[in-house]
């Protein structure tokens, strides 16, 4: 296991997304989303890897595209689907909740999650969190005092992220696609060498 | 009617040009200065509880800093380095010394852990108790000379000390979560480290103390009977060297909100001074003292790089002109004398001279400007979200008001996009390539801000004005980073570098210099158009000034 800082999570997720060919702005979003997931105790790496390696399906929405679009609009009520890796909608819902100062309930097959401006709670089956694809996700503003939250489990706030070495390395492989191999020219000029640096 | 401070501030169109950024000088708002002010104000106590260095000069030491809220430690390791492995470049795998700024007091087990990790730098992993990670190489010619001289009871040659300016130079000071060290969120839980780069500055300051302690130790080990400590005056002239390259450049583009805060603080300070109705005898004296110090600094600021060498020559004559003209200007001005002086400088001095004058004007006005140092941090998370509910007409308006500087640029001309920024596979570091004769331009980093703004504009030209930004970005996600940056820089105009960063004539060292000046660096010494040497903390107090008297005199 790798004990990563949240900044490393952000940087690695963004770089992997770029390696997978996402536009820069969406890579920035992916990094911030991974950081939010890690910071709220969610395992983020395997689902990101699944998302990056999944072939584009015409009928299935990407949670990164759908999530940023919802966040851009500040949408509090919405039904979307089918959608891949719905876990990755949560960071964007959290942004909407924070902007409006109003919690949002997110439900999909097997789980109900209340996302608060900071943190949140969930009820349902743990493995439902990591579904590869769901037919529909519903967002609604949370009505106070429904009593549902009594049985809910709060998110785990975390300052670090524990990542399996294989996941870390697989994300690095995606990230490595953003690197330019060295050439004679880049070696001699890329960093402006040529002047002695040892005195 | 009085002109407001805001109206008196220089425009981002003036300030955020590469030519002027490349002439920036440190001011009293620079980060190392604010660190030292805080240390003094809060009466920090600095001790050296562990000095476990052998007669060969290798081993480890711990420096402890007690602030009113928390305790921090610098754990320093000195290790053998074969001369052929001593290089400042990122390819290095071994260094003369390595350092970790540690949260609290390290146990023996933690020191043991760090003794295996720190000398390996980025090849190892770190924990959230480790706040910064750094390494340094000796200036062999000065270090050996100082040790030799002190061991025989003599002081080192003042000319050589002035010429080199440091015993060791750091080749990297890592913060913010790199290699598993603490995230900035944890670092800023220390009130003393809340401002930008305060943990990094504290690290470098303590390293400075270590370099002199190590040289004196080596001199004593060499000849215990004859060795003498370094003369206090000579010691004060020693800073910590630093070699900085392209790795720092993307930071300036990626953090517009933060950079805006830095520049806005400096520009606010200048405007406040210019607005003063009168100059007091104390501030006038303070100004001339600062000017004299600056003239002495410029006398010993010698570089090989021809453009900087020429600029220094002009700066020397600018400062002399300023000295001669300022008395008359300050005496005869009926109202706002500092503004009169500034206006004259603006019209008569080189850009390097103007930026130095800015620093000199702030110097005697600490009571008026120092509190601005507390405004230089930024909550970047708050400015990350895009407001997609605005219309493209609103976005168009932002382009007109904040991206007007791109209008004259023509990217159909090859020289306008001659370069591309990329990350090299070999070093995993940012590099600059030639677009038309090197491979890799398809992997370009998003530093072509001007070109991207123009591309956004042509997309907008083809859209209905009432289209929402959210709809635009759904259709054209490739503009997302540009739209975000435009919304950010509209609220943070000093955060936008108003020049083409991929132009054939662009000099990366201009970018680096602005950031280094905010750190508090002096004696910029470009070694090419892509990397430069600087010194930090030169002529500032040493950590031992904060040691309890008994220990300081025993040391």
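The values are calculated or read from the model by the stated rules, or taken from the named source; none is laboratory data. Worth saying up front: this structure is predicted, and the values here are computed from it rather than measured. Glycine also receives a Cβ, built like all others from the backbone with ideal geometry; neighbour counts cover every protein chain displayed.
Report yes if some residue within the range B:202-225 is free of Cβ contacts under 8 Å to residues at least 12 places away in the same chain, more than 18 Å from the chain's Cα centre (by Cα) and part of a helix (DSSP H, G or I); otherwise report no. Within the range B:202-225 (the criterion being free of Cβ contacts under 8 Å to residues at least 12 places away in the same chain, more than 18 Å from the chain's Cα centre (by Cα) and part of a helix (DSSP H, G or I)), the answer is no, since none of the residues qualifies. Going by what's in this entry, would residue B:486 be described as in contact with a helix residue (DSSP H, G or I) (Cβ under 9 Å, 6 or more places away or on another chain), surrounded by fewer than 19 Cβ atoms within 10 Å (Cβ to Cβ) and within 14 Å of chain A (Cβ to nearest Cβ)? Spelling it out, it is not the case that residue B:486 is in contact with a helix residue (DSSP H, G or I) (Cβ under 9 Å, 6 or more places away or on another chain), surrounded by fewer than 19 Cβ atoms within 10 Å (Cβ to Cβ) and within 14 Å of chain A (Cβ to nearest Cβ).
Could you check, for the range A:1-11, whether at least one of its residues is part of a helix (DSSP H, G or I), more than 9 Å from chain B (Cβ to nearest Cβ) and either touching a helix residue (DSSP H, G or I) at 6+ places or on another chain (Cβ under 6 Å) or in contact (Cβ under 8 Å) with a residue 12 or more places away in the chain (or both)? Looking for residues that are part of a helix (DSSP H, G or I), more than 9 Å from chain B (Cβ to nearest Cβ) and either touching a helix residue (DSSP H, G or I) at 6+ places or on another chain (Cβ under 6 Å) or in contact (Cβ under 8 Å) with a residue 12 or more places away in the chain (or both), one finds none in the range A:1-11, hence no. Residues in the range B:125-155 that are within 23 Å of residue B:193 (Cβ to Cβ) and buried (at least 16 other Cβ atoms within 10 Å of the Cβ): B:126, B:127, B:128, B:129, B:130, B:131, B:132, B:133, B:134, B:135, B:136.
With the checklist (1) in a helix (DSSP H, G or I); (2) more than 24 Å from residue B:165 (Cα to Cα) in hand, flag the one item residue B:196 doesn't pass. Status for residue B:196: all satisfied but (1).
Answer yes or no: is there a residue in the range B:420-442 that is part of a helix (DSSP H, G or I) and farther than 21 Å from residue B:9 by Cα. There is at least one residue in the range B:420-442 that is part of a helix (DSSP H, G or I) and farther than 21 Å from residue B:9 by Cα. One residue stands out among those in the range B:62-77 that are assigned to a strand (DSSP E or B) and touching a helix residue (DSSP H, G or I) at 6+ places or on another chain (Cβ under 6 Å): the one that is farthest from residue B:113 (Cα to Cα), which is B:63. For the range B:374-418, a tally of residues being in contact with a strand residue (DSSP E or B) (Cβ under 8 Å, 6 or more places away or on another chain) and within 11 Å of another protein chain (Cβ to nearest Cβ) returns 3. Taken together, B:81, B:32 contain a single residue that is within 28 Å of residue B:531 (Cα to Cα) and modelled with pLDDT under 95, which is B:81.
Quick grid of which residues meet (1) in contact with a strand residue (DSSP E or B) (Cβ under 6 Å, 6 or more places away or on another chain); (2) in a helix (DSSP H, G or I); (3) farther than 22 Å from residue A:158 by Cα:
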| position | (1), (2), (3) |
| --- | --- |
| A:47 | no, yes, no |
| A:56 | no, no, yes |
| A:72 | no, yes, yes |
| A:88 | no, yes, no |
| A:95 | no, yes, no |
| A:114 | yes, no, no |
| A:118 | no, no, no |
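The requirement of being buried (at least 17 other Cβ atoms within 10 Å of the Cβ), facing another protein chain (nearest Cβ under 7 Å), in contact (Cβ under 8 Å) with a residue 60 or more places away in the chain and touching a strand residue (DSSP E or B) at 6+ places or on another chain (Cβ under 6 Å) is fulfilled nowhere in the range B:449-471; no residue meets it.
Quick test for you: out of B:178, B:138, pick the one residue that is within 13 Å of chain A (Cβ to nearest Cβ) and within 25 Å of residue A:162 (Cα to Cα). Matching residue, one of B:178, B:138: B:178.
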